[in-house]
1. Return the pair list, or none, for Cβ contacts closer than 8 Å from residues in the stretch 227-242 that are under 20 Å from G273 (Cα atoms) to residues that are of a type in the set (S, T, N, Q) and crowded, with 18+ Cβ neighbours inside 10 Å, at least 6 apart or on different chains.
2. Pairs under 7 Å by beta carbon, first residue surrounded by 12 or more Cβ atoms within 10 Å (Cβ to Cβ) in the stretch 261-273, partner not in a loop (DSSP other than H, G, I, E, B), six or more apart or different chains?
3. Condition first: in contact (Cβ under 8 Å) with a residue 12 or more places away in the chain and either in contact with a strand residue (DSSP E or B) (Cβ under 6 Å, 6 or more places away or on another chain) or surrounded by 17 or more Cβ atoms within 10 Å (Cβ to Cβ) (or both). Now tell me which residues in the stretch 292-302 satisfy that.
4. Give the residues of the stretch 303-326 that are closer than 26 Å to S190 by Cα and without any contact (Cβ under 8 Å) to a residue 24 or more places away in the chain, sorted by residue number.
5. Kindly indicate whether I309 is part of a loop (DSSP other than H, G, I, E, B) and among the β-branched types (V, I, T).
6. Against the conditions (1) surrounded by 23 or more Cβ atoms within 10 Å (Cβ to Cβ); (2) at positive phi; (3) touching a strand residue (DSSP E or B) at 6+ places or on another chain (Cβ under 6 Å), where does C100 fall short? Just the number, please.
7. What single numbered condition from (1) free of Cβ contacts under 8 Å to residues at least 40 places away in the same chain; (2) touching a strand residue (DSSP E or B) at 6+ places or on another chain (Cβ under 9 Å) fails to hold for A37?
8. Just one of T208, T224 is in contact with a helix residue (DSSP H, G or I) (Cβ under 7 Å, 6 or more places away or on another chain), at pLDDT 95 or above and more than 30 Å from T173 (Cα to Cα); which is it?
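The values are calculated or read from the model by the stated rules, or taken from the named source; none is laboratory data. All values reported here derive from a predicted model rather than from experimental measurement. Backbone-built Cβ (ideal geometry, glycine too); neighbour counts: all protein chains shown.
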Amino acid sequence: MRTPLFDTHMRLHARIVDFHGWEMPVWYTGIIEEHLATRNAAGLFDVSHMGEILVSGKLSTAYLDRVLAIDIPALPEGKVKYALLLNQAAGIIDDLLVYCLEPGARYMLCVNAANIGKDYAWLVSQNAEGVELADKSNQTAMLALQGPDAGKILRSCLSFALESVRRFQFILTDTHYGRLMISRTGYTGSDGVEIFMESSQINRLWETFVAAGATPCGLGARDTLRLEMGYPLQGNDMDENTTPFEAGLGLAIHMEKPCFIGKEALARQREKGIKRRLTGLVMMDKGIPRQGFLCIQDSQVGMITSGSISPVLNTGIALAYLDTSVQEGEVLDVLIRSKAAKARVTQPPFVKTGLIKSV
């Protein structure tokens, strides 16, 4: 599958890779250069592979309140909330963003590209309320403009004031590029927006942003940027065998709600306690930590789920599931090609910057 910007990526000589069936740019000029452009100026990402599912009907609030772990009735119009889709065992089917288009009537879920079909099928299977579900992924394109210069570019290109929208809020606005849904959200840790729009207009808006100074960025920089913030990635750092408490996402769980899918399993786990938790590592020795590498303190105490070099810190960083006996500040060994390299247990974010992803 290809996004509407595929020909543009090819013209820019992007390195294209398969990403869950999508032909996506992993980088244009280089991951480090694109990463630092986002931290220091503005990065532009094609995220049209993400999924958009509309939920509507008079029982849509009750339905979403049951299938998601956050408090949906409390969500006002124009608000965005980070949420988790759980199975009965409290395993994480997906993490997503919920957009309240009209309280009590219309919502949009932005889901991970790899999980569109799975999420939609699960939502359909749980639809006891008879709400209307519509997968609009193929009709919707999406850009992410991230970085400290994002506001300046938005003002120049769209006459849009970034400060007019609070973090984790969105607006709908008519522009020369059609009707845009501009959301002050992102997956990089730098301030900026994600923009939903009709596919036919995305190339024009992309070119306008680039001409105004935005740097085209690929999946590689998006991954290192989120890793510096310690943002977990579905499929790497959490899956259907991982619970929110283990993944450090307890703030996305509203246990005071009367019921939601997975609540009983979470209540049992909270009572018994967890045996492992997702936490961060910063390498003290040279070496790049990678997914699957073992963590050792006399014996195995965990495994890395995501790891890379931080372009800002210029050292290796990682997310890993560690035994709860391992405390922040302790030192352990990471087995890199069977050789032990020292790392310190560190609570993310690894880089202090304008954080915009919250629960």
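1. D237/T305; D237/S306
2. Sorted first by the residue in the stretch 261-273, then by its partner, the pairs are I261/R66; I261/V67; I261/L86; G262/L86.
3. Here is the first cut: in the stretch 292-302, the residues in contact (Cβ under 8 Å) with a residue 12 or more places away in the chain are 292-297, 301-302.
Once the filter is applied, which keeps residues that are in contact (Cβ under 8 Å) with a residue 12 or more places away in the chain and either in contact with a strand residue (DSSP E or B) (Cβ under 6 Å, 6 or more places away or on another chain) or surrounded by 17 or more Cβ atoms within 10 Å (Cβ to Cβ) (or both), the stretch 292-302 yields F293, L294, C295, I296, Q297, V301, G302.
4. N314
5. Values: part of a loop (DSSP other than H, G, I, E, B): no; among the β-branched types (V, I, T): yes.
When the stated conditions are applied, I309 does not pass them.
6. Only one criterion in (1) surrounded by 23 or more Cβ atoms within 10 Å (Cβ to Cβ); (2) at positive phi; (3) touching a strand residue (DSSP E or B) at 6+ places or on another chain (Cβ under 6 Å) is unmet by C100, namely (2).
7. (1)
8. On the way: T208 fails: more than 30 Å from T173 (Cα to Cα).
Criteria check complete, one pass: T224.
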